[in-house]
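The values are calculated or read from the model by the stated rules, or taken from the named source; none is laboratory data. Every value quoted in this text rests on a predicted model; they were computed, and no experiment measured them. For neighbour counting, all protein chains shown are included, and Cβ atoms are generated from backbone atoms with ideal geometry for every residue, glycine included. For accessibility, only protein heavy atoms count, side chains too; no ligands or nucleic acids. Shrake-Rupley method; radii C 1.70, N 1.55, O 1.52, S 1.80 Å.
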Amino acid sequence: MKYSVDTYRLYQSEKMFSHTVRIHVRMRDEVDISVLEKAVNNAMKRYPYFAVRVTLDDEGGYVLRPNDKKIVVMTTAKKTPRLGSKAVNEHLIYADCEGKDIYLNISHTMCGGKGFQPWVMTTIWEYVKEKYDVVPDAPKIWKPDSDLLPGETAEPTMEMLSKEEPIIKRKIEKSPVLALDYLNGLINPFKRKPNYWIFVIDQADLIKVAKQNDSSVITFFFITFARALNHYFSKKYKTIVGEAAHNPRESMGIPNTHCDFLSHVYVNFERDRLDGDLEMLGTMARGQIILQTDPSVSHAEIRKLFSLYEAVDKEQGIKNKRKYMAKHSLSTGDDAQHGSFILNYTGWTDWGEVAEYIDWYAFVIEGHCTVEVTALADKIIFGLMQLVDTDKYALAFQEELNKLGVSCKIEGPYPKRLPRHELPQ
């Protein structure tokens with residue numbers, strides 16, 4: 001690839017979907033915007049690879065260059081500024097706040113959950129330190145003056161990929177989607193209302209049920225959410241397919257890289273067995289995930305992604321590059337494949353004493369019946385993204401949790417307010 005892997009998502013169209021992430025952090029006290037502004041800019045010293053602006057080279061390719069301007073922090077408004085615009089000092093990051101809520105906005109092109117999670121934690125650690133005049137004990141959180149990890153800025157290459165024959169050939173069953181919701185959410189201005197629900201779940205309850213039934217956190221949610229949605233799909237489909245992103249950075253030899261490059265895992269659930277034994281479903285789901293995350297399989301998928309990027313490199317001019325990406329993108333192009341729902345879990349992270357100042361936090365992204373799961377101390381947070389205004393999926397999921405004796409608190413719906421990009425043309 002000629003350019004940084006951090007640039008290629010910028011070629012994707014935002015006509016339908018925004019390619020950004022909005023991290024919603026609910027604090028326990030009112031947020032002080034002046035303290036937040038100081039904290040955000042101090043924390044950025046630890047992550048110089050995020051302090052960038054977008055430029056175009058002579059071949060029409062996007063190039064990220066250092067940006068030493070201040071990160072903008074503002075009061076939350078209904079209309080969000082565009083990332084890369086002068087309103088945010090041309091950064092691909094900005095922050096806003098309102099009441100007890102902090103929102104950290106970042107371009108998805110630079111990283112995914114594993115890449116921006118440390119930045120979020122450093123920012124909130126710095127905010128707590130400045131506001132309360134304490135130094136929270138949180139050894140797992142990088143501080144503004146912490147050194148970069150070995151390979152944190154490493155770029156993936158084709159040479160890092162396994163050439164082994166995949167141990168399995170992935171089979172993605174034809175899966176139902178909530179087509180009417182998507183139609184209304186994407187093109188009907190009277191029905192479109194992007195929003196998200198927050199479920200704050202007792203971790204002990206969930207882990208107890210998961211361990212009893214050969215499940216992990218992600219397989220538990222795959223099963224319970226598939227059960228919740230089962231009632232809303234046409235009966236002509238025999239299978240519901242859950243989808244999750246997988247970053248194979250460890251098996252590629254760059255475990256600390258912030259870069260986002262994803263294969264996808266598809267878990268097939270036969271609908272006539274969804275109400276059956278939870279342990280059997282957990283074993284089946286885990287088996288499918290283990291096989292598809294094997295390097296021989298996941299690297300083959302990453303090879304397709306990098307081949308796409310190399311093909312974009314060959315196109316001359318920004319218009320041609322964007323046109324090629326629109327047609328061939330693995331996520332939004334003509335041949336893109338998706339499950340019935342998407343569910344991602346970044347994993348458990350140790351916030352130390354900083355957790356005492358936070359109620360919950362969630363990653364807000366595009367999509368409908370798309371889920372982002374986060375964890376904080378003794379809580380697991382299930383963020384449910386939607387394109388239309390309805391509570392039926394949230395209530396159906398709550399009912400499934402109740403059946404299993406897993407307690408939770410529901411909040412929302414909240415408006416997504418995802419920013420888009422303003423890029424050089």
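Whether a residue is modelled with pLDDT of 95 or more, among the hydrophobic types (A, V, I, L, M, F, W, C) and touching a strand residue (DSSP E or B) at 6+ places or on another chain (Cβ under 7 Å) was assessed, and Val134 does not pass this test. List, please: which pairs have Cβ atoms under 6 Å, are six or more places apart or on different chains, and start with a residue in the stretch 393-404 that is under 15 Å from Asp205 (Cα atoms) and in contact (Cβ under 8 Å) with a residue 12 or more places away in the chain and end with one that is outside any loop (DSSP other than H, G, I, E, B) and open to solvent by 10 Å² or more (accessible area, probe 1.4 Å)? The qualifying pairs are Glu400/Arg227; Leu401/Cys408; Leu404/Val209.
I'm trying to understand the selection: among the residues of the stretch 268-288, which are part of a strand (DSSP E or B) and without any contact (Cβ under 8 Å) to a residue 60 or more places away in the chain?
Step one: list which residues in the stretch 268-288 are part of a strand (DSSP E or B), which gives 268-270.
Selection gives Phe269, Glu270.
If I ask for residues that are among the polar types (S, T, N, Q) and open to solvent by 80 Å² or more (accessible area, probe 1.4 Å), which ones from the stretch 312-359 would you list?
As a first pass, look at the stretch 312-359 and keep what is among the polar types (S, T, N, Q): 316, 320, 329, 331-332, 337, 340, 344, 346, 349.
Of everything in the stretch 312-359, those that are among the polar types (S, T, N, Q) and open to solvent by 80 Å² or more (accessible area, probe 1.4 Å) turn out to be Gln316, Gln337.
Of the residues making up the stretch 401-412, none is touching a Lys or Arg at 6+ places or on another chain (Cβ under 6 Å) and either in a loop (DSSP other than H, G, I, E, B) or polar (S, T, N, Q) (or both).
In the stretch 292-333, the qualifying residues are those that are assigned to a loop (DSSP other than H, G, I, E, B) and among the polar types (S, T, N, Q), and the one that is modelled with the highest pLDDT is Thr293.
Going through the stretch 56-74 one residue at a time, which ones are open to solvent by 50 Å² or more (accessible area, probe 1.4 Å) and at pLDDT below 95?
Residues of the stretch 56-74 that are open to solvent by 50 Å² or more (accessible area, probe 1.4 Å), as a first pass: 56, 58-59, 65-66, 68-70.
Correct list: Asp58, Glu59.
Going by what's in this entry, would Ala362 be described as touching a His at 6+ places or on another chain (Cβ under 6 Å), closer than 27 Å to Lys193 by Cα and either among the hydrophobic types (A, V, I, L, M, F, W, C) or assigned to a helix (DSSP H, G or I) (or both)? Yes: the conditions hold for Ala362.
For the stretch 77-116, filtering for residues that are open to solvent by 10 Å² or more (accessible area, probe 1.4 Å) and free of Cβ contacts under 8 Å to residues at least 60 places away in the same chain leaves 6.
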